[in-house]
Amino acid sequence: MSQIISFSADKDFAEILEDLIIDSGYQNRSRFLRDAALFFSDVQKRGELMEMKDDEIVEGNLIIYYQHGIEHKILEIRHSNEIDISSYNHSCLKHSHSCVDIMQVLGTASNFRKVIKQLQNTPSVDEVSFISAPMRKDGCC
């Protein structure tokens, strides 16, 4: 069930907010504000991955863009005990001439930092990103 929540803002902020909503691709202001609030709250509680406590348990998606020739390195990570991988997907992106691997992962913040640093220092890795799953007290799973 929806509940209306309102707040006041000066004209400059309101214009900036509208631009942010449009630029980020949201078509619904309420969803944008909801997602922004949840993200901000999660960062405030747990911090960014690089700032989290070493033993903080983190779950989310690890995304790796790379060129062929480093599959063995990714296979080593997938079979290591550093992070637990529950799902793995590989795709070849023809337009951008890149491979991308997306892994749903669980592990400690320190292990994630170690794996990300290892990948970032691997030749032919174009980009590594991690999207942390939002923490909820209850839900579907």
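The values are calculated or read from the model by the stated rules, or taken from the named source; none is laboratory data. These numbers were taken from a predicted model, which means no experiment stands behind them. FYI the Cβ positions are ideal-geometry reconstructions off the backbone, even for glycines, and counts take in every protein chain you see.
Would a scan of the stretch 65-78 turn up a residue that is among the acidic types (Asp, Glu) and modelled with pLDDT of 95 or more?
Among the residues of the stretch 65-78, not one is among the acidic types (Asp, Glu) and modelled with pLDDT of 95 or more, which makes the answer no.
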**Report entry** Condition check for Ser24: of a type in the set (Ser, Thr, Tyr) and exposed (fewer than 12 other Cβ atoms within 10 Å of the Cβ)
**Finding:** yes
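Filtering the stretch 109-141 down to residues that are out of contact with any helix residue (DSSP H, G or I) (no Cβ under 7 Å at 6 or more places or on another chain) and of a type in the set (Ser, Thr, Tyr), which residue is farthest from His72 (Cα to Cα)? Step through it out loud before you land on a result.
As a first pass, look at the stretch 109-141 and keep what is out of contact with any helix residue (DSSP H, G or I) (no Cβ under 7 Å at 6 or more places or on another chain): 110-111, 114, 116-121, 123-124, 126-127, 129, 131, 133, 136-141.
Next cut, of a type in the set (Ser, Thr, Tyr) only: 110, 124, 129.
Details: Ser110: 23, Ser124: 12, Ser129: 19 Å.
The qualifying residue farthest from His72 (Cα to Cα) is Ser110.
If I filter the stretch 58-83 down to residues being out of contact with any Ser or Thr (no Cβ under 7 Å at 6 or more places or on another chain) and assigned to a strand (DSSP E or B), which single residue comes out as farthest from Ser110 (Cα to Cα)? Walk me through how you get there before you give the answer.
Looking only at the stretch 58-83, we keep the residues that are out of contact with any Ser or Thr (no Cβ under 7 Å at 6 or more places or on another chain), and these are 59, 61-62, 64, 68, 71-72, 74-83.
From what's left, assigned to a strand (DSSP E or B): 59, 61-62, 64.
Numbers: Glu59: 13, Asn61: 16, Leu62: 14, Ile64: 18 Å.
Step by step, filter the stretch 58-83, then rank; the result is Ile64.
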Query raised in the report: Are any residues in the stretch 13-57 among the β-branched types (Val, Ile, Thr) and either in contact with a Pro (Cβ under 7 Å, 6 or more places away or on another chain) or in a helix (DSSP H, G or I) (or both), and if so, which ones?
Result: Ile16, Ile21, Ile22, Val43
